[in-house]
Each structure stands twice: as structure tokens, then as C-alpha cells.
Amino acid sequence: MQALYGIITPSALHFERHQSGVPDIDPAHHELLLDGLVDRPLVFTMEDLRRFPSKSQIRFIECAGNTSEDQVGRPGIDPQRSHGLMSCSEWTGVPLRTLLGEAGVSPRARWVLAEGADASRHARSLPLEKALDDVLVAYGQNGEALRPEQGYPLRLIVPGWEGNTNIKWLGHVRVVDQPYMTRDETASYTDLMPDGKARWFTFLMDPKSVITRPAGGQTLQGPGCYEITGLAWSGRGTIRRVEVSTDGGESWEDARLTGAVLPKAATRFSLAWRWDGATATLQSRCTDDTGATQPTREEVVAVRGLNGTDHYNGIKAWYVHRDGSVRHE
Ligand SMILES: Nc1nc2c(c(=O)[nH]1)N[C@H]1C(S)=C(S)[C@@H](COP(=O)(O)O)O[C@H]1N2
Ligand SMILES: [Mo]
């Protein structure tokens, strides 16, 4: 993350998360089955899917477990290790809505169950409302085919929702009347609260930001001018504001949003800063167009405790020491 410019993660640098390895799928034989509560069950080959009008959109994917180390108080030593389970690409494919329209959705339908063709048959239930909104059945990533690690030849992009719902190696979408309570929406990806109850289906990724330069693991080459830059994103919508503090949260200044400012996409921010050689604490705080603002770690822990560590979005601090070293402590 600290080596990137702009908002696009080069495909070869996209983070990877797979529960049971990367399957070796022959695209000539790969099929997507669409069945369940539909008028006409359908099977699509990759060639079939490319005949539908396509759509390209820049969206982030973030694992729900990203930054969990910060929540438990053992922050990652650099941006990649603390915030690296978030990447942003231009995805190309067919809206799931288009395919559901081809099949004809029954009035009894409420959810869809999407399943991968990998060894774990990774599956998640998604409300029909989301499936008909902005979910993409994607085959393209940053101008080329998906990388094998990203789900080649076909994956779901579920904008703004936890990474786990973005089913890779997509082979089956079943239209159903209720959530199917798969492993990854019961045993995991549920948020255990302090009272011992767990939140179900906490899909949204809340606003989060991180300064990527200067940041942990880097060294300032003496007092003078530096660019403070980083990334902000929100699963709820578009980033409207990023504030930066260099004095441990005493005062905040608006950073500039540079480049494209897109919904449910990484947004680059920048602020010119003169370092006087004293110790400094660098923090960023973002706000999206729903008015949601990134909370402090204390605010998150007060509500959510330390049992469940998914969906943590607290403000991140980096500490500049007199010798110019920037650290996580
Ligand atoms: N089929 C399948 N889809 C999957 C997974 C998986 O193991 N198998 N992992 C999920 C998780 S936990 C995340 S965070 C995202 C990560 O997507 P990426 O590897 O392209 O970054 O894919 C999701 N989709
Ligand atoms: Mo994940």
C-alpha cells in the first residue's frame, strides 16, 4: 500500500484471500448456473456472458478482517501490514440484475445464494435487493482478464460489502426465499459483541482511511516539506472529506481529494506538511456522503468490545520520532 500511487491497485499486487487455494479452471468449460426461484433456469458459458452489454466500474474490495490487529491493540508496523487487505480495481462484467432478468425472478424470491467453484464451495447469501442493485458478475480486472487469485474466469463484485461476499470462481447463483446460513455467515463473518450475542449479516464496510506516506517503516530525511498522502474509502458511498492531524488529534486540516472521487472506491488524499523536526502524530479521518465519519479506536471498542474484530474502522495513528523514523508506536 505504501508503494502505490493513485487509487488503482495493479492486478498483480491485489491482496489475496482464499479459504482453500486457487483452483485451476479452464474458461472454455466454465459455466455459471442460475436457478432456484426463477421462471427459466439458465446456464451461461463465458462466451454467453460476454454477449451481454458490459459495465466497467472502479470499486474497492476489503476483507472484513482488515485492520483487526489495530482493534486488538497490536497494530501492523506499516500500511500494508495494517491496512493491506483492501485493494481497488476497475472491474468489467455483466450486472447480475441483467442475468436475473433473463431468468425471470419469482415473486417469492428474497435472497440469492452465490457459490464458488473452488474446493470449499465458498458460498454466501445476499439479499435480492442488493443483487438487483449494483452487483457485477465480473470477468475483467484493470483492462485484462481476472487474475487466477482474483477468481478467474468469473467472480462477483458486491460493491461496498465485506470482501467475503465477493464470491470468486463463481459457478452457481441460486435464487432463494431466505438466507442459507452458510459457514461463512454463521461460524465466521459474524461480529461477536461484548454481551456474547453476534451480529448477523453486517455486510457494509464503514468509512476508513490510512496515511500511506509518511507511515510506519519509513524515514523522513530531515526537517522540511513533505506530502502527507493516503487512501480513504467507504462501502456506504462516496468520500466527501478527509481531515489530517499532525498533532495527535488536537487540530485537523482538510486534505485535498486528488484524482477520481468515486462511490465505493479508494479515494486518494494529499496535504502539504512542513516537519519541524519535533515528534509528531499523524492521523487521518474521513467522512462519506451519508455523513458517516471514521470513529476513534476508543469509540469503536466502547460499542463493540474486543470479542469480534471484523469491520474495525478506527482512526489510525503513525508516530514520527525526532530521528525521522515513522513507527506504529
Ligand atoms: N470462491 C471463493 N470466493 C472468495 C473467497 C474464497 O476463499 N473462495 N474468499 C473471500 C474473501 S474472505 C475475501 S476477503 C475476498 C478476497 O478477494 P481477493 O482475493 O480477490 O482479494 O474473496 C472472497 N471470495
Ligand atoms: Mo475476507
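Packing around the peptides 36-43, 292-299, taken as the average count of other Cβ atoms within 10 Å per residue, puts them in this order, highest first: 292-299, 36-43.
Distance between the C-alpha centers of region 207-247 and region 86-115? Whole Å please. With region 207-247 and region 86-115 each reduced to a Cα centre, they are spaced 35 Å. Restricting attention to region 11-196, close to 90% of DSSP beta bridges with both partner residues there are antiparallel.
Number of Lys-Lys pairs in the chain with C-alpha atoms under 17 Å apart and a separation of 8 or more places or on different chains: 5.
How much length is gained on full extension from residue 227 to residue 133, taking 0.36 nm per residue of separation minus their Cα-Cα distance?
Gain in length upon complete extension: 30.0 nm.
Take 195-201, 182-188, 65-71, 144-150 and order them by the average number of nearby Cβ atoms within 10 Å per residue, most first; the result is 65-71, 144-150, 182-188, 195-201.
Under 13 Å from a label point set 7 Å out along the Cα-to-Cβ vector of residue 43, no amide N atom of region 79-104 is found. A simple packing score, the average count of other Cβ atoms within 10 Å per residue, orders the peptides 215-221, 168-174, 27-33 as 168-174, 215-221, 27-33, with the highest score first. With each label modelled as a point 7 angstrom along the Cα→C-beta vector, the residue 56-residue 306 pair spans 4.7 nm.
Charged neighbours of residue 85, selected by a Cβ distance under 9 Å, balance to 0 (K, R count +1; D, E count -1).
With the helix formula -39500 (n - 2.57) applied to DSSP H stretches of n ≥ 4, the chain reaches a computed 222 nm mean residue ellipticity of -2000 deg cm²/dmol. Reported to the nearest whole Å, the Cα centre-to-centre distance from region 270-329 to region 139-179 is 31.
May I ask you to compute the full-extension gain from residue 12 to residue 241, defined as 0.36 nm times their residue separation minus their alpha-carbon distance, rounded to one decimal in nm?
Result for the pair: 79.5 nm of gain on full extension.
At what distance in angstrom do the alpha carbon centres of region 27-78 and region 1-26 lie from each other? If you average the Cα positions of each part, the centres end up 13 Å apart.
Values quoted throughout were computed directly from the atomic coordinates according to the rules given, and no laboratory measurement underlies them. Since we're looking at a predicted model, the values are computed, not measured. Reconstructed Cβ throughout: ideal geometry from the backbone, glycine too, with neighbour counts over all protein chains shown.
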